[in-house]
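Working notes, beginning with the structure itself.
Just so it is clear, none of the values below were taken in a lab; they were calculated from the coordinates. For clarity, every value in this text was computed on a predicted model and none was experimentally measured.
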């Protein structure tokens, strides 16, 4: 029986990790694909906003993922964690990078860093 591994993700959208192999006439052909669920930081229909999500994968799928350069980058940057244990994704996400650049804006993103208006600033067209 294949062992199950768990991929914890704080990515906003799902990601298809596709590896490519040599095909005929020097063309690359897909040699496999594994989809990791997204949905962190996106409110659901009940306005619950998960901080992390989990995707179960087999040992073969994990081997495929470990060979994928984008997966390696996501893991190195803290958006992906691989574990052999299934736990609450919120618990794992607490120690991960919390938001990827595609996450929706939150109120803190919209607050002005400098609340004072700047006077005598030239307009973008060069004349006021």
Compute the relative contact order of the chain as a whole-number percentage, counting only Cα pairs closer than 8 Å that sit 6 or more residues apart in sequence. 31
Debye intensity ratio in log₁₀ form over the Cα atoms of segment 53-98, taken at each q of 0.22 Å⁻¹: -0.82
Which entry is the computed Rg/Rh (Cα atoms, Kirkwood Rh) for this structure: (i) 0.97; (ii) 0.92; (iii) 1.18? (iii)
Wrap a convex hull around the Cα atoms of segment 1-74, take a quarter of its surface area, and give that in square nanometres. 6.5
